[in-house]
Amino acid sequence: MTEAGQEDTILIWGAGAIGGILGAYWARAGHPVLLVDIDAAHVAACNETGLHIEGPVEEFIQAVPAATPDQVKGTFRRVVLAVKAQATEAAMKMLLPHLADDGYILSAQNGLNEHLIAELAGPQRTMGAFVNYGSDWQGPGRILFGNRGAVVVGEIDGSIRDRTREMFDLLKVFEPDAVLTENIWSYLWGKLGYGAQLFATALTPDSMSANFADPDRVPVLIELGREVMKVAKAENIPPRGFNGFDPAAYSDTAGDAEARASIAALAAFTSKTAKTHSGIWRDLAVRKRRTEVDPQIGIIVTIAAKHGLDVPVLARLVELIHEIEDGKRPQSKDTFMELDKVLRGTAAA
């Protein structure tokens, strides 16, 4: 909770895998932070015993003020939105009354949520971010920090402002190698390509690295990257690479050798993290809840249709994730290979 006028406090709406880690690092560095989360037990743990960051990167316990949405008071100049993509609209309705007139919202999420945030708050009050570090919410007051990864920040209009540099400096507190960019959309579309592949790995019980290392699954993983890059090209976005994912390897001018090299790099990168499975897998297998498949992958299918593009493997991926969510299919290699049937043109009519 905070009182009106304390606008220098960084409000982090969503204190899970992404927001919780940022909040713990910023609070430890002496920056005023308020975490907001709908999980009352998590909020209580942060207030009473501190937020425990676990894992091989670093372990520490940090006291961080936390509140449920109904407990928040006052307005804030810096707001970090770190909820699941499908919760963006609901979260925005709750947090907008707490956004200062000269404030902005940083989307620290997966997907293209900056579009919705800009629609609801205004483009001048919207900032984009790309994060690829490995983290998982383990339970009230506990977050796994599995590995470091790319962290990028940029304005959605490509400008560099004082506030952009301010947020960049804050992100460097957490990730010294953070990047300040004039084209955040390039990174976000790069992450969509990688994200499509991660959704495919979640169709199975296997680790991310096991999926990327399986020769049977490589053709599907390559095709998913190619379909996303095809849509990005139609949108006139040149995707940027990171942590082994090379968008150019999936372009219409690249061959199989380049694509396979990128898959091998991803197998290597994902083999070195304590976070062995994606957050998508965790949503399906552990937390038994809906995933971000519609705002992350479904939106690509929708954008593709606007350009008259066919993306059948992506479309089938969305269906399969929903079938697992609905209890109609198990997480298995057989489920994954349903995508191979589409790729080979042998799916049932």
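The values are calculated or read from the model by the stated rules, or taken from the named source; none is laboratory data. Since the structure is predicted, the reported quantities are computational estimates derived from the model, not experimental observations. We place every Cβ from the backbone using ideal geometry, glycine too, and count neighbours over all the protein chains shown.
Can you say whether R142 is closer than 23 Å to L198 by Cβ, under 15 Å from the mean Cα position of the chain (by Cα) and basic (K, R), as far as the supplied structure shows? Spelling it out, it is not the case that R142 is closer than 23 Å to L198 by Cβ, under 15 Å from the mean Cα position of the chain (by Cα) and basic (K, R).
Each row is one residue, and each column tells you yes or no for (1) part of a helix (DSSP H, G or I); (2) surrounded by 23 or more Cβ atoms within 10 Å (Cβ to Cβ); (3) in contact (Cβ under 8 Å) with a residue 40 or more places away in the chain.
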| position | (1), (2), (3) |
| --- | --- |
| V153 | no, yes, yes |
| D157 | no, no, no |
| R165 | yes, no, no |
| D177 | no, no, no |
| W189 | yes, yes, yes |
| G193 | yes, yes, yes |
| A200 | yes, yes, yes |
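Of the residues contained in segment 306-323, none is found to be under 19 Å from the mean Cα position of the chain (by Cα), farther than 15 Å from Q197 by Cα, not assigned by TED's automatic domain parsing to the domain that holds G146 and not in a helix (DSSP H, G or I). Going through (1) among the aliphatic types (A, V, I, L, M); (2) modelled with pLDDT under 95; (3) in contact with a helix residue (DSSP H, G or I) (Cβ under 6 Å, 6 or more places away or on another chain) one by one, V57 falls short only on (3). The set of residues from segment 60-83 being part of a helix (DSSP H, G or I) and touching an Asp or Glu at 6+ places or on another chain (Cβ under 9 Å) comprises just one member, P69.
The numbered conditions (1) among the polar types (S, T, N, Q); (2) modelled with pLDDT of 95 or more; (3) more than 23 Å from L171 (Cβ to Cβ) are all true for T88 except (3).
Do we have A261 as among the hydrophobic types (A, V, I, L, M, F, W, C) and touching a helix residue (DSSP H, G or I) at 6+ places or on another chain (Cβ under 9 Å) here?
On the way: among the hydrophobic types (A, V, I, L, M, F, W, C): yes; touching a helix residue (DSSP H, G or I) at 6+ places or on another chain (Cβ under 9 Å): yes.
So A261 fits the description; yes.
Looking at L99, L116, L81, L120, which one is crowded, with 23+ Cβ neighbours inside 10 Å, at pLDDT 95 or above and in contact with a helix residue (DSSP H, G or I) (Cβ under 9 Å, 6 or more places away or on another chain)?
On the way: L99 fails: crowded, with 23+ Cβ neighbours inside 10 Å; L116 fails: crowded, with 23+ Cβ neighbours inside 10 Å; L120 fails: crowded, with 23+ Cβ neighbours inside 10 Å.
Only one candidate passes the filter, namely L81.
Within segment 100-113, not a single residue is within 22 Å of D294 (Cα to Cα), within 20 Å of the chain's Cα centre (by Cα), hydrophobic (A, V, I, L, M, F, W, C) and assigned to a helix (DSSP H, G or I). Just give me the residues in segment 211-261 being over 16 Å from P312 (Cβ atoms) and of a type in the set (D, E), in sequence order. Hits for segment 211-261 are D214, D216, E235, D246, D252, D256, E258. Being part of a strand (DSSP E or B), within 16 Å of the chain's Cα centre (by Cα) and farther than 21 Å from R165 by Cβ is a property that F130 lacks. Within the span defined as segment 52-59, one or more residues are touching a Leu at 6+ places or on another chain (Cβ under 6 Å), more than 21 Å from I105 (Cα to Cα), in a loop (DSSP other than H, G, I, E, B) and touching a residue at least 12 places away in the same chain (Cβ under 8 Å). Scanning segment 234-244 turns up no residue that is closer than 24 Å to A304 by Cβ, in a helix (DSSP H, G or I) and not hydrophobic (A, V, I, L, M, F, W, C).
For segment 212-225, give me each residue that is assigned to a loop (DSSP other than H, G, I, E, B) and either of a type in the set (F, W, Y) or within 13 Å of L339 (Cα to Cα) (or both). Walk me through how you get there before you give the answer.
As a first pass, look at segment 212-225 and keep what is assigned to a loop (DSSP other than H, G, I, E, B): 214-217.
Of everything in segment 212-225, those that are assigned to a loop (DSSP other than H, G, I, E, B) and either of a type in the set (F, W, Y) or within 13 Å of L339 (Cα to Cα) (or both) turn out to be D216, R217.
For residues that are of a type in the set (A, V, I, L, M) and loosely packed, with under 15 Cβ neighbours inside 10 Å, scanning just segment 288-347, find the one that is modelled with the lowest pLDDT. My answer is A347.
Residues in segment 25-39: is at least one in the same structural domain as V152 (by TED's automatic domain parsing), among the acidic types (D, E), at pLDDT 95 or above and closer than 23 Å to G122 by Cβ?
No, that holds for no residue.
Every condition in (1) part of a helix (DSSP H, G or I); (2) more than 19 Å from the chain's Cα centre (by Cα); (3) among the hydroxyl-bearing types (S, T, Y); (4) outside the structural domain of G128 (by TED's automatic domain parsing) is met by S209 except one, and the failing one is (2).
Name the single residue that is farthest from the chain's Cα centre (by Cα) among those in segment 263-279 being in a helix (DSSP H, G or I) and over 14 Å from N132 (Cα atoms). Walk me through it before giving the result.
The initial filter retains those residues of segment 263-279 that are in a helix (DSSP H, G or I), namely 263-270, 279.
From what's left, over 14 Å from N132 (Cα atoms): 263-265, 267-268.
Values: I263: 20, A264: 22, A265: 20, A267: 19, A268: 20 Å.
That would be A264.
May I ask you to list pairs of residues, at least six apart or on different chains, whose Cβ atoms are under 6 Å apart, with the first in segment 247-263 being crowded, with 16+ Cβ neighbours inside 10 Å and the second being of a type in the set (F, W, Y)? Sorted first by the residue in segment 247-263, then by its partner, the pairs are A259/Y250; I263/F212.
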